[in-house]
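> This structure is in structure tokens; I'll ask about it shortly.
Every read-out reported here was derived from the displayed coordinates using simple, explicitly stated rules and does not represent laboratory data. Here the structure is a predicted model, which is why all the values come from computation and not from measurement. Note that we place each Cβ from the backbone using ideal geometry, even for glycine, and neighbour counts take in every protein chain shown.
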Amino acid sequence: MTILAAEAASGTESHTFEVASPDVGQRLDVYLHIRLPDHSRAYLKDLVKAGQVTVDSKVVKPSHRVSLAERVVANVAPRAHEARLKPQDIPIHIMHEDASLLVVDKPAQLVVHPGNGRRDNTLANALAFHVSDLSDIGGGMRPGIVHRLDRDTSGVMVVAKTNQAHFALATQFQERTTKKEYLVIVEGEPNLDGDVVTHPLGRSIHDRSKIVVDEGAGRPAETRYEVLERFNGFAYLRCSPKTGRTHQIRVHLRSIGHPVVCDSVYGKRARLKLSDLGAVESGSDCERTLIERQALHAHRLSIFHPVEGRTVTYESPLHDDMKGLLEALRTHRGKAVRRT
């Protein structure tokens, strides 16, 4: 990619790009979103439809596939001035670090970056404190952030240190060439030992913070699951999402009647106690909470390393609360058959 110009005029910024060989064949709206990540893909798609983006001086559709050396000009609204991110000494587990990227093991209950009124106590604040150089493509409040996990989902995340790495990693997530594997404990026992869920997903018209199955206007989504272990009333699954829609695994599992344990938005309960397994009487001295966040863990992530030129895999073991829940299920709700 070559950036030829970026000028502000009449309340807009004109960005001009020349398509390079690695980007040939991408949809125009995807190409723009990777290069202008401060703007949503939906906004950029509407911008193309409004004729504010040209390719070789011609107005085209968002689905246009870019070709080598095409000149793309986009007139976008300038990014609002952002407050400076406050570095905070929040402990984080860095699993791997090299000159271009780092990999963290995100704990549950840690938001990835500021937003929706939250200004601090996020992973981004922690990264700004612990890491001196991070990519700035995502803007001043999201340095290095290439992808996200829900607040209450634990596990492996990759963070970009250089802009080159950020572009390369963002492209992989957009084109779905990364491989992601999650470990999850659900309510009930699926009838099948494995299956693929393909319900399209969209925003709820009643609550925009929630995602629902939308067969009419939803975006395509695909999640493969495999049952690793069965219990009386619960199951331990491995999930591999092909797409990366918001709340995808949680909504897909709910759609087949098996919501994630302690998913406060899409599930049956906000916490699971020992008495819920029938192991002790409610209120007894032996009562204890086993888990009080969604039992969903990003276990493994495979990417093509932008500098080393090979596929690398990073893995995070189950965190203590999910390990403890599994031990309790095996003790009090266990069955003889396990899959590995």
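> In the chain, how does Rg compare with the Kirkwood Rh, expressed as the Rg/Rh ratio over alpha carbon atoms?
For the chain, the value is 1.01.
> Quick check: Cα centre of the range 123-168 to Cα centre of the range 245-271, how many Å?
26 Å
> Please list, short to long, the whole-number percent of alpha-carbon pairs of the range 20-136 in consecutive 5 angstrom bins beginning at zero.
In whole percents, the pair-distance histogram is 2, 10, 17, 15, 13, 12, 13, 12, 6, 1, 0.
> Consider all pairwise Cα distances in the range 50-110 and report the whole-number % of them above 13 Å.
Everything past 13 Å amounts to 77 percent.
> If one computes P(r) from the Cα atoms of the range 2-76, what percent of pairs lie at distances over 20 Å?
In whole percent, the share of Cα-Cα pairs in the range 2-76 beyond 20 Å is 18.
> Moving on to the next point. Using the structure shown, select from K86/K180; K161/K242; K210/K242 the pairs with a Cα to Cα distance greater than 22 angstrom.
Checking Cα-Cα distances, K86/K180; K161/K242 exceed 22 Å.
> Karplus couplings for the range 307-317 from phi (6.51 cos²θ - 1.76 cosθ + 1.60, θ = phi - 60°), rounded to Hz, Gly and Pro as x?
So the Karplus estimates, Gly and Pro as x, are 10, 6, x, 8, 6, 10, 10, 10, 9, 10, x Hz.
> Right, something else. Would you kindly calculate the translational diffusion coefficient of the range 117-260, applying Stokes-Einstein with the Kirkwood radius from alpha carbon pairs, for 10 °C and a viscosity of 1.306 mPa s, and quote it in µm² s⁻¹ without decimals? Let's see the in-between values first.
Working: Rh = 17.0 Å.
Translational diffusion coefficient: 94 µm²/s.
> Right, next: Just how large is the dipole of the range 2-76 about the Cα centre, in debye to the nearest 20, putting +1 at every Lys and Arg Cβ and -1 at every Asp and Glu Cβ?
Here the size comes out at about 340 debye.
> While we're on this one: So in the chain, what percent of DSSP beta bridges are antiparallel if you round to the nearest 5?
Working: 68 of 71 bridges.
Percent antiparallel among DSSP bridges in the chain is about 95.
> Turning to a different aspect of this structure: Across every pair of different alpha-carbon atoms, what Kirkwood hydrodynamic radius in Å does the range 93-173 reach?
So the Kirkwood estimate lands at 12.5 Å.
> A further question on this structure: Counting helices only, and only those DSSP H runs with n ≥ 4, report the 222 nm mean residue ellipticity of the chain as the sum of -39,500 (n - 2.57) divided by its residues, in deg cm²/dmol to the nearest 500.
Helix contribution divided over all residues of the chain: -5000 deg cm²/dmol.
> Normalise the Debye intensity by I(0) for the range 179-332, one equal point scatterer per Cα, no solvent, then take log10 at q = 0.09, 0.12, 0.14, 0.18 Å⁻¹ and round to two decimals.
Result of the Debye calculation: -0.33, -0.56, -0.74, -1.09.
> While we're here: Please compute the alpha carbon radius of gyration of the range 148-193, then divide it by the globular-protein estimate 2.2 N^0.38 Å. Two decimals is fine.
Working it through for the range 148-193, the quotient is 1.60.
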